[in-house]
Amino acid sequence: MCGIVAAVAQINVTPILLEGLKRLEYRGYDSCGVALHIDGKLQRSRSTSRVADLEAQVEKAHLSGFTGIAHTRWATHGAPATHNAHPHFSRDRIALVHNGIIENHDELRAELQAAGYHFESQTDTEVIAHLVNHMYNGDLFATVQQAVRRLTGAYAIAVFSVDEPHRVVAARQGSPLIVGVGQGQNFVASDAMALAGTTDQIIYLEEGDVVDLQLQRVWIVDAAGKAVEREVKTVHAYSSAVELGPYQHYMQKEIFEQPRAIADTLEGITGIMPELFGDGAFNVFKQIDSVLILACGTSYYAGLTAKYWIESIAKIPVNVEIASEYRYRDSVPNPNSLVVTISQSGETADTLAALKHARGQGMQHTLTICNVATSAMVRECALAYITRAGVEVGVASTKAFTTQLAALFLLTLALAQSKGRLSEEQEAAHLKAMRHLPAALQSVLALEPHIVAWAEAFARKENALFLGRGIHYPIALEGALKLKEITYIHAEAYAAGELKHGPLALVTEEMPVVTVAPNDALIEKLKSNMQEVRARGGQLYVFADADSHIKSSEGVHVIRLPENYGLLSPILHVVPLQLLSYHTALARGTDVDKPRNLAKSVTVE
Ligand code: G6P
């Protein structure tokens, strides 16, 4: 999703801005641009290509300046085209970049057009640039505070004026924005990673904040215009975490990091305690009578998996809802429900809004499973468990998903314990199985060469079906999502029992059917579903367990996972599906880490 970097310094800020944009590339974008204050003028360069091309353009034009703003854009209003790329100018006086969506842009555009402003783009952003210009009174900080009051919707903006050379003003409402504090130089950015290597002194702006950034000054006012002090946190630069090392892609790196990520996420856990989720968790867990899980994308599938665990082990009813649906649905609130949000980034707009919606309906018991400790989601929830996947750069989530599952299994056990449904023997057995996860993952990763062979066949297909049953049905969903995200092969997942209610009509010799087939209580049922596929000529690609009796035969290809992992099996069975997608994408030559049209961090609804 869109990214912002802005700087005020006594040195040329162009390299800092471009490096920042590169660090934000992982969020997904389709155009980019930079604007600088140069010799009393605004100058910019924009591109619908990669940041590296923008860099070449900027070098060729010799653009350098002490004050500047830069942006990666993920198109919402207006096609990905140079004239829609940010920064947007207003009458060569104001330059502005924006993340988010302005809902009243039509109304403001009409008003500004009537005042004589000419629009060059189809964006909602250009409206803000002209609005700031229209209201400008020589003091950009005061002007922006006034201007943002006219905006409805979500925004993070950074703006500068040709009349005030050493000043950038930024504001946020509904979209994340941080300030980087330096020595005689200051910055704003969408996230701390953009400033890795530049400064580790970070202020997380709050909703409604407007910040005045000058060489020696960072001055923040809140939504009411009152000066506020916001804590400066030392955020360890992620630079080394975002190096590719020996890997070809971040997704590959992140798949192979999973043993470490799970070990880190479960580090130091010697016993099950509700307090692992925060102070007061025991009382909350004892009180609640149901769980409501809210999430999007891959995180939603982690939630679906958790439903099986929580209902079977803790015996607490669970609803899992797609955040973008829940936030607008008339539902029946239960104040005794534990609202659990799951989010890698902690900034997904729909999940945040769904959480607020639940709270607004009187549900005050909130908990998040999140990978970013400093995110809005963690700040908004009373209880939290931080997964330690580390920075996830690949748009297609991998290690974030498996660490979410590990945390959700822990939550299941803590809930069961609070309800008196976890004996000491059970606790010890589950802990032992969890400690074994990193080693078990390592042996699943060793299956890679077998999966590469399958990927060759998949690369020639345009459709694929994924089947799973029970707790592995969400894993089939996640497998299909991975495949479509990065290979652009149309993939659908079904609970295998649903096969004959529709998808069987699609099965021919051309249709690969990936089957997640652990040796669990449903295996015989699943085998019948596999027969239904074979009888129509479909090609089965089966991920079975070491102790299962499924054998390779004509049209039935089998890879066995080294062990049967019991309750934790979903965490292991998703890994070969990630590898299958990754290698199929390689064979098809797609942009694995930055799939077309997708974004890592979805900060608009
Ligand atoms: C985007 C990402 C997905 C992610 C989803 C939810 O679609 O590409 O990988 O699962 O957002 O994001 P979250 O950060 O809330 O888990």
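Note the per residue figure in Å³ for the convex hull of the C-alpha positions in the chain.
Taking only Cα atoms, the chain has a hull volume of 154 Å³ per residue.
Once fully extended, how much extra length lies between Glu424 and Glu498, figured as 0.36 nm per residue of separation less the alpha-carbon to alpha-carbon distance?
Value of the extension gain: 22.8 nm.
Could you state the number of Å between the C-alpha centres of region 561-605 and region 177-236?
First find each Cα centre; the distance between them is then 35 Å.
Under 13 Å from the Cβ of Leu540, count the other residues' Cβ atoms, weight Lys and Arg +1, Asp and Glu -1, and hand me the total.
With Lys, Arg at +1 and Asp, Glu at -1, the net is +1.
Is the C-alpha gyration tensor of region 82-150 telling us rounded, prolate or oblate? Criteria: a/c under 1.5 is rounded; beyond that, a/b larger than b/c is prolate, otherwise oblate.
Judged from the Cα gyration tensor, region 82-150 comes out rounded (a/c under 1.5).
Just add up the charged neighbours of Val556: K/R +1, D/E -1, any other residue whose Cβ is under 11 Å from the Cβ of Val556.
Here the count lands on +2.
Which whole DSSP H helices in the chain pass both tests: a Cα extent of 20 Å or more along the axis and a mean Kyte-Doolittle value no lower than 1.0?
399-418
Starting from the 7 Å offset along Cα-to-Cβ, what nm value, one decimal, do you get for the label separation of Val181 and His118?
4.5 nm
Under the 0.36 nm per residue contour assumption, what length would be gained going from the current alpha-carbon distance of Arg329 and Lys233 to full extension?
Residue separation times 0.36 nm, minus the Cα-Cα distance, leaves 30.8 nm.
Hey, what did the chain get for relative contact order, percent, Cα under 8 Å, at least 6 apart?
Relative contact order here is 12 percent.
Using mean Cβ contacts within 10 Å as the protection proxy, how do 119-127, 554-562, 202-210 order, highest first?
Output ranking for 119-127, 554-562, 202-210: 119-127, 202-210, 554-562.
Just to be sure I understand the model, the point goes 7 Å from the Cα along the line to the Cβ. What's the resulting Ala81 to Gln442 distance in nm?
Between Ala81 and Gln442, the label points sit 5.5 nm apart.
Can you classify region 192-279 as rounded, prolate or oblate using the Cα gyration tensor, where a ≥ b ≥ c are the square roots of its eigenvalues, rounded means a/c under 1.5, and otherwise it's prolate if a/b beats b/c and oblate if not?
The shape class here is oblate.
Tell me the net charge near Ser375. Cut-off is 11 Å between Cβ atoms, Ser375 excluded, with +1 for each Lys or Arg and -1 for each Asp or Glu.
Every neighbour counted, the sum reads -2.
Rounded, prolate or oblate for region 265-435? Axes are the square roots of the Cα gyration tensor eigenvalues, ordered a ≥ b ≥ c, and the cut-off for rounded is a/c under 1.5.
oblate
Calculate, in nm to one decimal, what Ala535 and Gln361 gain on full extension: separation in residues at 0.36 nm each, minus their alpha carbon distance.
Full extension of this stretch gives 57.5 nm more.
No lab work stands behind these numbers, since they all come straight from the coordinates. Bear in mind that the values here come from a model prediction, so they are computed numbers and not experimental data. Cβ: placed from backbone, ideal geometry, glycine included. Neighbour counts: every protein chain shown.
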